[in-house]
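Contents: one structure, followed by commentary.
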Amino acid sequence: MDDIWIWILVSVGIVAGALVMMYVVGYFLPADHEVSRTITLKQQLDVVWQVITDFANMPSWHKDVVKVERLPDKNGHEVWKETQAGDFVMSLETTESTPPTRLVRTIADDGGAFTGRWEFVLTAMEGGCTLSITEFGEVANPFFRFMFRMFMKPEYYLERYLNALEARFADAPTEKK
């Protein structure tokens, strides 16, 4: 019977030590990140603008977004709640909109595991346009920061969004960066 308690205490000690180590390592990792991706599409600027700002219809072309709800405005800006696959819910505030070239969507949730914004920049070109999205994110909690850096690529959601947009237009982009 005493051997079982020793194994239990050793196991608890190992788990606790691992959690402390992850927290300490996460503490020394940078809290913020910035990552960008660009896609060239064969659609005109105003067509792409209409799709990326039609938040209510996003679930029809972005399979990661299963539900979208309009929330009351915040600071005079529209806010949308997105429910993504796996029941992850996030509210996004449109903090800047300069049709048809610039859109900024900021996480509007208080006390979440992370904060940040996406800045969309559309540029017209012959035969279509380019869309660049830059994510400015911050993961304040050192434990979550450790998990984020170890198990995710910061550009993961940008790439999924752009791939879904590309499929929405059934368009092979001429270039992705």
> Looking at segment 1-35, which of the residues that are surrounded by 10 or more Cβ atoms within 10 Å (Cβ to Cβ) and acidic (Asp, Glu) is farthest from GLU135 (Cα to Cα)?
Replying inline: ASP32
> Pairs, please: C-beta under 9 Å, at least 6 apart or cross-chain, first residue more than 19 Å from VAL121 (Cβ to Cβ) and surrounded by fewer than 13 Cβ atoms within 10 Å (Cβ to Cβ) and in segment 152-177, second at pLDDT 85 or above and charged (D, E, K, R)?
Replying inline: LYS153/GLU159; ALA167/LYS63; ALA172/LYS42; ALA172/GLU166
> Looking at segment 77-103, which of its residues are more than 30 Å from GLY128 (Cβ to Cβ) and more than 13 Å from the chain's Cα centre (by Cα)?
Replying inline: VAL79, LYS81, GLY86, ASP87
>> Suppose we filter segment 120-138 for residues that are crowded, with 18+ Cβ neighbours inside 10 Å and farther than 15 Å from VAL48 by Cβ; how many remain?
In response: 2
> So which residues in segment 120-146 are more than 14 Å from HIS33 (Cβ to Cβ) and either in contact with a His (Cβ under 7 Å, 6 or more places away or on another chain) or not aliphatic (A, V, I, L, M) (or both)?
Replying inline: PHE120, THR123, GLU126, GLY127, GLY128, CYS129, THR130, SER132, ASN141, PRO142, PHE143
>> Would you confirm whether or not segment 75-82 contains a residue that is farther than 26 Å from LEU45 by Cβ, at pLDDT 95 or above and surrounded by 14 or more Cβ atoms within 10 Å (Cβ to Cβ)?
In response: yes
> Within segment 35-52, can you find the residues that are within 19 Å of GLY137 (Cα to Cα) and either touching a helix residue (DSSP H, G or I) at 6+ places or on another chain (Cβ under 7 Å) or modelled with pLDDT under 95 (or both)?
Replying inline: VAL35, ARG37
> Where in segment 1-111 are there strands (runs of 3 or more DSSP E), lying wholly inside it, with at least 1 residues that are of a type in the set (Asp, Glu) and free of Cβ contacts under 8 Å to residues at least 24 places away in the same chain?
Replying inline: 65-74, 77-84, 88-98
> Does segment 104-143 hold any residues that are within 15 Å of the chain's Cα centre (by Cα), farther than 30 Å from ASP46 by Cβ and of a type in the set (Phe, Trp, Tyr), and which are they?
Replying inline: PHE114
>> Could you tell me how many of the residues in segment 117-133 are closer than 29 Å to TYR23 by Cβ and in contact (Cβ under 8 Å) with a residue 40 or more places away in the chain?
In response: 1
> For segment 112-136, what are the residues that are part of a strand (DSSP E or B) and closer than 14 Å to PRO154 by Cα?
Replying inline: THR115, GLY116, ARG117, TRP118, ILE133, THR134, GLU135, PHE136
> So, in segment 40-64, of the ones that are farther than 19 Å from GLU159 by Cα and among the polar types (S, T, N, Q), which residue ends up surrounded by the most Cβ atoms within 10 Å (Cβ to Cβ)?
Replying inline: GLN44
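The values are calculated or read from the model by the stated rules, or taken from the named source; none is laboratory data. Source: prediction; values computed, not measured. Using ideal geometry, Cβ is built from the backbone for each residue, glycine included, and neighbour counts are taken over all protein chains shown.
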